[in-house]
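Asker: Encoded as structure tokens, here's the structure I'll be asking about.
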Amino acid sequence: MRPAIAAGLVLLVSQSGAAAEPDQGAQLAATCASCHRLDGGGTGIPSIIGLGEERLKSALLAYRASERPNHIMHAIALSLSDEEIASVARYVAAQGK
Ligand code: HEC
């Protein structure tokens, strides 16, 4: 019985490890969606659908560094690590395709 449980645990851990990245992107994008509609519709706030991964990433980095001035996006980008910016950019860029 014990070895089977241990094997199951190893499987669970390795699976959640593999799924971590896309999940993180989706979770972070859910916070963006409260302002940016992820279906590409206009609301007055610019759509972030169709920008592409590199543009998303460089925009977030520019907001974080205050190179691109905007209080709202600066605060949001400031809360994201480089890794989080990369995964949210990858996730958002894959939407609307
Ligand atoms: C509280 C509302 C709000 C949230 C939440 C928010 N944004 Fe924004 N975002 C804005 C506004 C407002 C602008 C326009 C700023 C400007 O004029 O530069 C903007 C601009 C942008 C731009 C630039 C678009 C362009 O056309 O160049 C990108 C990229 C972006 N946001 C990505 C994100 C991502 C990714 C998230 C989630 C991690 C996010 N935003 C969360 C309000 C928000």
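Asker: Return the residues of the range 50-66 that are modelled with pLDDT under 95 and buried (at least 16 other Cβ atoms within 10 Å of the Cβ); say none if nothing qualifies.
Answerer: Leu51
Asker: What residue, among those in the range 26-41 that are open to solvent by less than 70 Å² (accessible area, probe 1.4 Å) and at pLDDT below 90, is farthest from the chain's Cα centre (by Cα)?
Answerer: At the first step, the residues of the range 26-41 found to be open to solvent by less than 70 Å² (accessible area, probe 1.4 Å) are 26, 28-30, 32-33, 35-36, 38, 40-41.
Next, only the ones that are at pLDDT below 90 stay: 38, 40-41.
Details: Leu38: 12, Gly40: 16, Gly41: 19 Å.
Filtering first and then ranking leaves Gly41.
Asker: Now for a separate question. Mind checking which pairs have a first residue in the range 73-97 that is open to solvent by less than 20 Å² (accessible area, probe 1.4 Å) and a second that is more than 9 Å from the ligand (Cβ to nearest atom) and among the aliphatic types (A, V, I, L, M), Cβ under 8 Å, 6 or more apart or different chains?
Answerer: That search, which allows pairs on different chains as well, returns Ala77/Leu61; Ile85/Leu61; Val92/Leu38; Val92/Ile49.
Asker: Can you find, within the range 71-95, the residue that is farthest from the ligand (Cβ to nearest atom) among those that are closer than 11 Å to Leu61 by Cα and assigned to a loop (DSSP other than H, G, I, E, B)?
Answerer: So the residue we want is Ser81.
Asker: Now for a different question. Taking interchain pairs and intrachain pairs at least six residues apart, which have beta carbon atoms under 8 angstrom, with the first residue in the range 42-69 and free of Cβ contacts under 8 Å to residues at least 24 places away in the same chain and the second β-branched (Val, Ile, Thr)?
Answerer: Tyr63/Ile76; Arg64/Ile85
Asker: Looking only at the range 39-70, filter to residues that are over 14 Å from Ala89 (Cα atoms) and aliphatic (A, V, I, L, M); which one of those is farthest from the ligand (Cβ to nearest atom)?
Answerer: So, considering only residues that are over 14 Å from Ala89 (Cα atoms) and aliphatic (A, V, I, L, M), the one farthest from the ligand (Cβ to nearest atom) is Ala65.
The values are calculated or read from the model by the stated rules, or taken from the named source; none is laboratory data. This structure is a prediction, so every number in the text was calculated from the model and none was measured. We place every Cβ from the backbone using ideal geometry, glycine too, and count neighbours over all the protein chains shown. These accessible areas exclude ligands, DNA and RNA; they are computed on the full protein's heavy atoms, side chains included. Shrake-Rupley method; radii C 1.70, N 1.55, O 1.52, S 1.80 Å.
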